[in-house]
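One structure is given here, and the rest of the page talks about it.
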Amino acid sequence: MSSHENSSSLRRRLHNEEGEDIKSKTTFPCSSRSAPTKEGVLRWSEKRVWAFALAFRAANALLVQTYFNPDEHWQSLEVAHRIVFGYGHLTWEWKEGIRSYLHPLIFALLYRILAFLHLDKPLLMAKAPRLLQSLFASIGDLYMYKLSKLIFNEHVAKWALFSQFTNWFMFFCITRTFSNSLETVLTLMGIFYWFSSNSSSRMLGLFIAALTCAFRPTSVITWLYIGLLDLFKMQSRIHFLLFEVFPIGGLVLALSSLLDRWMYESFVLVPLNFLKFNFLSSGGDYYGTHPWHWYFTQGFPSMLLTFLPHSLIGIFRSKEWRISGLIAWVLGVYSFLGHKEFRFVLPVLPIALMFSGYHLAVIAKPDRSGSESKKFKPGTKCLSSGQLAVLFLLVTNVPMALYMSLIHQRGSEDVMIYLSKEANKQGVKSVLFLMPCHSTPYYSTLHHDLPMRFLDCTPSANRATLAESDCFLMDPHAFALSMFKNSSFFPSHIVLFSSEEPYLQELLTSYSFTEVKRFFHAHFKVDRDLQASVVVYSQTIS
């Protein structure tokens, strides 16, 4: 048996000669690769799918105006801004060498183009990176469609794409500039080529897999599962490892290491440092821990929301255990880590949504005439089960997506755009952020080389030692008073959350600070308190 026969047999197992889904015994239209077009069935070209996805994700990127997680700015855009413009804050991760420059350099290229065209203005500096990520996200949508069509058929692929477009968390997260977002896109591409039926496609899948691991070393969890399943079935395992896996993986590792060697100005093996910190020393626990079952009971169900039952039913009805097992594997491995975040498991969310598409395709299957059964007509007394399911998914996901993208934690983004515009008018000289560390974007949005100071939260070797950010939250007044008396840095503007405002009001007044702007931030608790607003104070000069 050749080393790529496993992926060929996958297609043969999924469909019989008549195009019937063998596992569920539910009749779908045949795969577009093997069946003629039936009269009355609308065929979707991949160009049309991508064009729609591109327009949809561009609108998606423009609608995302809220703050989610510091890494979106501090581990990508802030680093890129420093590379191109010479100023920007590098967090402790970059000093310890546990981050690769591969991801920030993408946005550095974007910033370089904006600067060359003299378009590096406040609005574009804030919007352009997400618009670039929307291009990558649209490619991920296209490959979600292609993968669903490869594993199932075109009818399922359409519903899988519907699930991906309307899922609230995918809308909320995929156009953000996280390395996890790009990891998700590359994972979909890699799996598609890996499952394709020829050796050249699988070689491309291997290259994309290696590239994904270079962007985020934790992607090895995904590709270990996919690779080992096929490896155990191969007769030429040694050939596969020696002449495919090691050469391609070694080439990508060497190139990414040379890139990091150039940027760090010393030899740094980022994957090894990343492994030591996150897995061997549980360094991520410094930022909070969750119960071992969190991904299964809270995290992933929250991401799927009302798509969850459709995904579960789709998994069991399709009996595609090979690809659905990837979801359980990734959630299971990540459950061993104390520090857990939604975005860590983002790469398997499209896989779960693909199974949701499978179930939606079952309950909305076309009849023999080629048109969907029970089409709604004016005067029809009730909706079909498929139409009710779609309506319920839209009602539960679209408002959630818009609220989280447009409203919740918006103040952090708005305040930096405001400060950037004020700095253009020479109205800002220096800024102090009296709030938990990394609560806002930084120089990448301000785009002015002004003195700024935020409360540090670098992990200490002594876990009992509190960071500045924690000390401030324990006693805001005492901490701020000590800072004003003992620090040489004295700002023209102070930014804080309204939750700390009562503790600092008297102190700010005594130092001639008055409120100049207030931005809505959240309706409910974020972290420890209700951070309802972000407030800007400016010193009054008499």
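The values are calculated or read from the model by the stated rules, or taken from the named source; none is laboratory data. All of these numbers come straight from a predicted model, not from anything done at the bench. Methodologically, a virtual Cβ is constructed for each residue, glycine included, from the backbone with ideal geometry; neighbour enumeration extends over all protein chains shown. Note: accessible area is taken over every heavy atom of the protein model, side chains too, but ligands, DNA and RNA are not part of it. Shrake-Rupley method; radii C 1.70, N 1.55, O 1.52, S 1.80 Å.
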THR91 is checked against (1) more than 17 Å from the chain's Cα centre (by Cα); (2) open to solvent by 20 Å² or more (accessible area, probe 1.4 Å); (3) polar (S, T, N, Q) and fails just one. What number does that condition carry? (2)
Within segment 43-82, how many residues are assigned to a helix (DSSP H, G or I), open to solvent by 20 Å² or more (accessible area, probe 1.4 Å) and without any contact (Cβ under 8 Å) to a residue 60 or more places away in the chain? 6
Would you check if GLY250 is without any contact (Cβ under 8 Å) to a residue 40 or more places away in the chain, open to solvent by less than 50 Å² (accessible area, probe 1.4 Å), farther than 29 Å from LEU90 by Cα and of a type in the set (Gly, Ala, Ser)? no
Tally, over segment 116-131, of residues that are open to solvent by 30 Å² or more (accessible area, probe 1.4 Å) and either without any contact (Cβ under 8 Å) to a residue 40 or more places away in the chain or of a type in the set (D, E, K, R) (or both): 8
If SER412 satisfies all but one of (1) under 21 Å from the mean Cα position of the chain (by Cα); (2) surrounded by fewer than 22 Cβ atoms within 10 Å (Cβ to Cβ), what's the number of the condition it fails? (2)
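Does SER335 count as modelled with pLDDT of 75 or more and more than 17 Å from the chain's Cα centre (by Cα)?
Yes; evaluated as a whole, the condition is true for this residue.
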Go through segment 162-206 and count every residue that is in contact (Cβ under 8 Å) with a residue 12 or more places away in the chain, more than 21 Å from ARG322 (Cα to Cα) and open to solvent by 10 Å² or more (accessible area, probe 1.4 Å). 7
Exactly one condition in (1) open to solvent by less than 40 Å² (accessible area, probe 1.4 Å); (2) modelled with pLDDT under 95 is not met by LEU432; state its number. (2)
Subset of segment 411-436, residues assigned to a loop (DSSP other than H, G, I, E, B) and out of contact with any strand residue (DSSP E or B) (no Cβ under 6 Å at 6 or more places or on another chain), comes to LYS425, GLN426, GLY427, LYS429, SER430, PRO436
Of all the helices (runs of 4 or more DSSP H) wholly in segment 280-358, which have at least 1 residues that are over 19 Å from ILE174 (Cα atoms) and either of a type outside the set (S, T, N, Q) or touching a Pro at 6+ places or on another chain (Cβ under 7 Å) (or both)? 308-318, 321-334
In segment 233-246, is there at least one residue being modelled with pLDDT under 85, acidic (Asp, Glu) and open to solvent by less than 60 Å² (accessible area, probe 1.4 Å)? no
With the checklist (1) in contact (Cβ under 8 Å) with a residue 24 or more places away in the chain; (2) of a type outside the set (A, V, I, L, M); (3) over 24 Å from LYS429 (Cβ atoms) in hand, flag the one item LYS517 doesn't pass. (3)
So ILE494 ticks every box in (1) β-branched (Val, Ile, Thr); (2) open to solvent by 70 Å² or more (accessible area, probe 1.4 Å); (3) within 19 Å of GLU413 (Cβ to Cβ) but one. Which box is left unticked? (2)
Among the helices (runs of 4 or more DSSP H) confined wholly to segment 149-252, which include 3 or more residues that are out of contact with any helix residue (DSSP H, G or I) (no Cβ under 6 Å at 6 or more places or on another chain) and over 23 Å from PHE355 (Cβ atoms)? 199-215, 237-240
Would you be able to say whether some residue in segment 109-116 is modelled with pLDDT of 95 or more, among the β-branched types (Val, Ile, Thr), part of a loop (DSSP other than H, G, I, E, B) and out of contact with any Asp or Glu (no Cβ under 6 Å at 6 or more places or on another chain)? no
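Is it the case, given these coordinates, that PHE472 is among the aromatic types (Phe, Trp, Tyr), without any contact (Cβ under 8 Å) to a residue 60 or more places away in the chain and part of a helix (DSSP H, G or I)?
Yes: the conditions hold for PHE472.
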Out of segment 56-91, which residues are aliphatic (A, V, I, L, M) and over 18 Å from TRP262 (Cβ atoms)? ALA58, ALA59, ALA61, LEU62, LEU63, VAL64, LEU77
Return the residue satisfying two criteria in turn: it lies in segment 144-153 and is crowded, with 23+ Cβ neighbours inside 10 Å and of a type outside the set (A, V, I, L, M, F, W, C), and of such residues it is nearest to ALA53 (Cα to Cα). TYR145
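Matching residues to (1) polar (S, T, N, Q); (2) closer than 30 Å to TYR443 by Cα; (3) at pLDDT 50 or above:
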{"position": "MET1", "(1), (2), (3)": "no, no, no"}
{"position": "ARG43", "(1), (2), (3)": "no, no, yes"}
{"position": "PHE56", "(1), (2), (3)": "no, yes, yes"}
{"position": "THR66", "(1), (2), (3)": "yes, yes, yes"}
